[in-house]
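**Q** Here it is: the structure, laid out below.
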Amino acid sequence: MSATLHGVAVIQQLARLSSDQLDACREVVEKLDDLCSFRLLPASDHLDLDWASAPLLRAFELARFPEPAAALLRHAIGGDSEINPAYRDVPDSIFEHPVTALEPVRVAEVATALAAAQTPELEGHLDSYLRHHLGALRDFYTEAADRALAVALWWD
């Protein structure tokens with residue numbers, strides 16, 4: 001089941017970007033639109049998390065990760081702060097879900113938390129779906145941390 005907005009599937013997107021690119025997105029709404037329109041970065045620096053965010057968060061809750069690891073896992077999916085509130089006024093953006101970001105230092109903390117994260121055993125397709133997306137999320141953040149990059153998150 002994917003989330004929908006007016007009949008359109010809504011999925012979570014992540015992108016790895018430099019601090020300079022993140023600063024540009026904060027200053028110029030058109031740069032942020034380029035990011036969210038997949039024109040700013042190569043496809044290899046994007047991750048389509050599909051609709052796995054909410055089930056992953058629930059799996060993290062069920063696993064009872066201790067704080068602050070649990071908070072870092074929430075940040076992996078929710079980000080820290082909105083990049084540029086003016087983007088909410090751009091046509092075809094999703095107002096209810098602002099574009100957020102994690103700075104490189106926080107990305108490294110999240111990568112460490114994800115490296116240790118395991119989800120509880122679930123049955124059937126959901127188990128393999130969540131394990132696949134947790135692995136993709138872990139790999140994505142690990143590479144971002146290794147390259148000292150920020151991460152942007154939004155719904156598309």
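**Q** Let me check I've understood the local charge: for Arg74, count other residues with C-beta under 11 angstrom from its C-beta, Lys and Arg +1, Asp and Glu -1. What total comes out?
**A** With Lys, Arg at +1 and Asp, Glu at -1, the net is -3.
**Q** Hey, another quick one. Once Rh is set to the Kirkwood radius over Cα pairs, what Stokes-Einstein translational diffusion coefficient, in µm²/s, holds for the chain at a temperature of 4 °C and a viscosity of 1.567 mPa s?
**A** The calculation lands on 82 µm²/s.
**Q** Rank Ala59, Trp155, Leu137 by how far each Cα sits towards the positive end of the charge dipole of region 16-156 (+1 on Lys, Arg Cβ; -1 on Asp, Glu Cβ) and give me just the farthest.
**A** Farthest towards the positive pole: Ala59.
**Q** What do you get for Rg/Rh over region 56-145 if you use C-alpha atoms and the Kirkwood form of Rh?
**A** 1.03
**Q** Using 0.36 nm times the number of residues separating Asp48 and Arg147, minus their current alpha carbon distance, what extension gain do you get?
**A** Between Asp48 and Arg147, full extension yields an extra 33.7 nm.
**Q** Helices from the chain with mean Kyte-Doolittle at least 1.0 and a Cα length along the axis of 30 Å or more, per DSSP H: which?
**A** What comes out of the filter, once short or polar helices are dropped, is none.
**Q** When the dipole is taken about the Cα centre of region 12-155, and only Lys, Arg (+1) and Asp, Glu (-1) are charged at their Cβ, what size is it in debye, to the nearest 20?
**A** 280
Where a number appears in this text, it was derived from the coordinates with a stated rule and is not lab data. Computed from a prediction, not measured in an experiment: that's the story for all the values here. Here Cβ is always computed from backbone atoms with ideal geometry, including for glycine, and neighbour counts include all displayed protein chains.
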